Amino acid sequence: MKLEAWLENTGRTSASFARELGVGPSTVHRLLKRERKPSYEIMEKIIAATGGAVRPDDFFDGLAPAEPNKAEAA
């Protein structure tokens, strides 16, 4: 589930969620706007705070897979 949808479904604001995570509101704002990806530490907090409803894959959809390194493929 996307973080935006989870916040809406639970009636939480991004500011209150930021407080729950122990981060600034701008961090959650950037996550919601897809301007940054969560760090491992923040992702762990998001998983715990959402009861596992929001997962790492929810932040990486729509990204093309990385090109294989031709040196490694040879």
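The values are calculated or read from the model by the stated rules, or taken from the named source; none is laboratory data. Everything numeric here is computed off the predicted structure, so don't read it as measured data. Virtual Cβ from ideal backbone geometry, glycine too; neighbours counted across all protein chains shown.
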Show the residue pairs meeting these rules: Cβ distance below 7 Å; 6+ apart or different chains; first residue within the stretch 28-41 and in a helix (DSSP H, G or I); second residue not small (Gly, Ala, Ser). VAL28/PHE17; ARG30/ARG36; LEU31/LEU3; LEU31/PRO38; LEU32/LEU3; LEU32/GLU4
Please name all residue pairs, on different chains or six or more residues apart, with Cβ atoms under 9 Å, provided the first residue is in the stretch 11-26 and is at positive phi and the second residue is at pLDDT 95 or above and surrounded by 15 or more Cβ atoms within 10 Å (Cβ to Cβ). GLY22/LYS45
Hits in the stretch 17-27 (condition: in a loop (DSSP other than H, G, I, E, B) and loosely packed, with under 15 Cβ neighbours inside 10 Å): GLY22, GLY24
GLY51, sole failed condition from (1) modelled with pLDDT of 95 or more; (2) part of a helix (DSSP H, G or I): (2)
